[in-house]
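K.L.:
One structure is given below, represented as structure tokens, and several questions about it will come after.
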Amino acid sequence: MKFPKNMMRYCPSCKSRHKHKVSQAKTKPKPKARKHSLKWGIRQFFKVKAGYGGMPRSKINKSKQSQHIVLKYTCEKCKKSSIKSFNRMKKFSQV
């Protein structure tokens, strides 16, 4: 999807419409959850996994083809920025 480098947009801090600079915001990766080894589900999983049987369920490929896009709009008058997230899109480019 193509986005302009500058666009007119409502600024919540100025409370009026001004020109905004558009840039892609960097998102932090989510921390992985710790698996508590004493929970019943984990104990059951290791019991089924033990021996010559192998994995009890098939491994799933977790990589997605598209990514969530988060855009950062910076007001040129007051220099405050606001963030808007979009649904998944394969391509992101600025025109």
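None of the figures in this text is laboratory data; all of them are computed from the coordinates on show. Being a predicted model, the structure only gives us computed values, none of them experimental.
K.L.:
Straight distance only, please: which lysines reach the Cα of K21 with their own Cα at less than 18 Å, same-chain residues fewer than 8 apart left out?
P.N.:
Reachable lysines: K2, K5, K72, K77, K79, K80, K84.
K.L.:
Summing -39500 (n - 2.57) over the DSSP H runs of n ≥ 4 in the chain and dividing by its residue number, what mean residue ellipticity at 222 nm do you reach, to the nearest 500 deg cm²/dmol?
P.N.:
Mean residue ellipticity at 222 nm (helix-derived): -3000 deg cm²/dmol.
K.L.:
Starting from 0 in steps of 5 Å, tell me what percent of the Cα-Cα pairs of the chain lands in each bin.
P.N.:
Calculated P(r), rounded to whole percents: 2, 10, 14, 14, 11, 8, 7, 7, 7, 7, 6, 4, 2, 0.
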